[in-house]
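Structure first, commentary second.
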Amino acid sequence: MIVVTGATGNVGQPLVQALAAAGEQVTAVSRRISELDVPVGVRRRQADLTEPASLKPALHGAEALFLLTSPDFMANGDLGDVMNVVRAVGVRRVVLLSSHGVGTRRHSSHLEDAVEQSGLEWTMLRPGNFNSNTFQWADSVRAQRMVVAPFGDVAVPGIDPADIAEVAAVALREPGHEGAIYTLTGPVPISPRQQAAAIGDVVGEPVQFVEQSRAEARNQMLRYMPEPVVEATLGALGAPSAAEQRVSPDVERLLGRPPRTFAEWAERNVAAFE
Ligand SMILES: NC(=O)c1ccc[n+]([C@@H]2O[C@H](COP(=O)([O-])OP(=O)(O)OC[C@H]3O[C@@H](n4cnc5c(N)ncnc54)[C@H](OP(=O)(O)O)[C@@H]3O)[C@@H](O)[C@H]2O)c1
């Protein structure tokens with residue numbers, strides 16, 4: 001049995017679907033998960049990672065765990081405590097959703113350190129900027145056909161969360177990924193201005209791009225992210241290093257096909273912007 005945390009989110013939802021479609025027994029976990037969030041036949045359990053003991057019933061009988069943390073966990077949780085519970089119940093393999101920023105030294109690696117120190121088999125997924133971050137533009141695109149964002153012409157190879165989910169499914173189900181670190185990007189660098197234009201293409205009307213200053217973006221992001229994460233994110237988006245702009249071969253190597261484009265992501269999620 002495979003346990004998926006963050007099961008109602010951008011990565012967890014397609015991961016639960018992919019595992020269930022492959023015939024795996026899956027337990028989908030989040031704090032507020034309901035029947036409507038999971039495919040028929042998938043077990044669901046409510047648990048809060050900031051209270052590691054609450055995970056025990058979900059993990060009972062599990063061989064592998066997909067571990068996804070959240071901003072509230074970063075503020076209030078301790079992954080060492082979570083890993084103690086995971087090890088004690090007999091889980092063998094953990095796939096951690098980490099971040100490209102760990103490899104490029106913008107983020108500390110304390111999540112990866114806690115997983116490595118657990119002594120379990122581990123695989124680290126280090127994705128770059130998610131295409132789903134553009135959901136934050138949905139209201140202004142719907143209301144005014146407008147996107148307000150910083151660094152309009154700075155391009156990074158954003159990743160489709162569905163590709164992260166497919167890679168996670170491979171690492172959870174198949175042997176041979178122990179100790180591996182995968183850098184996950186999209187197929188080509190794309191700028192916020194180009195992303196706004198791609199959204200315009202799928203809604204069938206032009207979307208105006210209004211460039212925000214770094215300070216304006218920072219104030220807005222501080223409402224839902226801790227300050228160190230905001231600084232690291234603005235750094236990676238505004239002044240990406242060569243490594244952060246590079247397209248990684250890992251998605252194609254693992255899935256046998258190129259990563260999905262931003263246009264494909266926008267097409268699949270057009271309902272949010274119409
Ligand atoms: N966005 C990016 O560009 C980017 C880049 C690199 C790495 N990442 C990493 O990707 C992860 C976010 O992935 P995502 O976009 O799929 O997330 P998401 O869509 O925001 O979903 C978060 C999921 O976690 C659950 N959750 C939140 N707090 C929880 C808690 N305390 N205990 C248990 N479950 C909790 C949520 O459900 P409930 O609310 O029901 O609990 C939900 O299922 C983060 O770890 C982030 O660092 C993001």
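The values are calculated or read from the model by the stated rules, or taken from the named source; none is laboratory data. Quick caveat, the model's predicted, so the values are computed rather than measured. Cβ atoms come from the backbone with ideal geometry, glycine included; neighbour counts cover every protein chain shown.
Let's see how each residue does on (1) under 18 Å from Asp81 (Cβ atoms); (2) among the aromatic types (Phe, Trp, Tyr); (3) in contact (Cβ under 8 Å) with a residue 12 or more places away in the chain:
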residue: Met1; (1), (2), (3): no, no, yes
residue: Gly23; (1), (2), (3): no, no, no
residue: Thr27; (1), (2), (3): no, no, yes
residue: Leu36; (1), (2), (3): no, no, no
residue: Pro39; (1), (2), (3): no, no, yes
residue: Arg43; (1), (2), (3): no, no, yes
residue: Leu55; (1), (2), (3): yes, no, yes
- Identity of the residue in region 70-109, β-branched (Val, Ile, Thr) and under 18 Å from the mean Cα position of the chain (by Cα), that ends up nearest to Arg246 (Cα to Cα): Thr104
- Note on the structure: Taking region 74-107 and keeping residues among the small types (Gly, Ala, Ser), without any contact (Cβ under 8 Å) to a residue 60 or more places away in the chain, surrounded by fewer than 22 Cβ atoms within 10 Å (Cβ to Cβ) and out of contact with any helix residue (DSSP H, G or I) (no Cβ under 6 Å at 6 or more places or on another chain) leaves Gly77, Ala88, Gly90
- Being closer than 19 Å to Trp265 by Cβ, assigned to a helix (DSSP H, G or I) and of a type in the set (A, V, I, L, M, F, W, C) is the filter here, so list the residues in region 183-226 that pass it. Ala196, Ala197, Ala198, Ile199, Val202, Val203
- Task: Give me a count of the residues in region 178-195 that are farther than 16 Å from Glu252 by Cβ and crowded, with 21+ Cβ neighbours inside 10 Å.
- Result: 2
- Item | Residue count for region 110-127, restricted to those that are under 16 Å from the mean Cα position of the chain (by Cα) and not aliphatic (A, V, I, L, M) | 4
- Pull up region 36-57, narrow it to residues that are in a helix (DSSP H, G or I) and within 13 Å of the ligand (Cβ to nearest atom), then point me to the one that is farthest from Val91 (Cα to Cα). Leu36
- Looking at region 83-100, is at least one residue in contact with a Phe, Trp or Tyr (Cβ under 9 Å, 6 or more places away or on another chain), farther than 29 Å from Gln136 by Cα and away from the ligand (no atom under 13 Å from the Cβ)? yes
- Query: Which residues, counting only those in region 71-82, are near the ligand (Cβ under 9 Å from one of its atoms) and either of a type in the set (Asp, Glu) or at pLDDT 95 or above (or both)?
  - Reply: Asp72
- Enumerate the pairs (first residue in region 210-233 and modelled with pLDDT of 90 or more; second residue anywhere and assigned to a loop (DSSP other than H, G, I, E, B)) with beta-carbon separation below 6 Å, excluding pairs fewer than 6 apart on the same chain, so at least 6 apart or on different chains. Glu211/Gly152; Val230/Leu222
- Counting only residues that are within 7 Å of the ligand (Cβ to nearest atom) and among the hydroxyl-bearing types (Ser, Thr, Tyr), which one in region 3-33 is nearest to Glu174 (Cα to Cα)? Thr5
- Query: Which residue, of Ala198, Ala169, Ala266, Ala217, is among the small types (Gly, Ala, Ser), surrounded by 19 or more Cβ atoms within 10 Å (Cβ to Cβ) and within 20 Å of Glu112 (Cα to Cα)?
  - Reply: Ala169
- Message: Every residue in region 122-150 that is touching a strand residue (DSSP E or B) at 6+ places or on another chain (Cβ under 9 Å) and away from the ligand (no atom under 14 Å from the Cβ), please.
- Response: Trp122, Thr123, Ser140, Val141, Gln144, Arg145, Met146, Val147, Val148, Pro150
- Item | Identity of the residue in region 236-249, crowded, with 19+ Cβ neighbours inside 10 Å and part of a helix (DSSP H, G or I), that ends up modelled with the highest pLDDT | Glu244
- Scanning region 128-147 residue by residue, the ones that are under 21 Å from Gly235 (Cα atoms) and either in a loop (DSSP other than H, G, I, E, B) or within 21 Å of the chain's Cα centre (by Cα) (or both) total 10
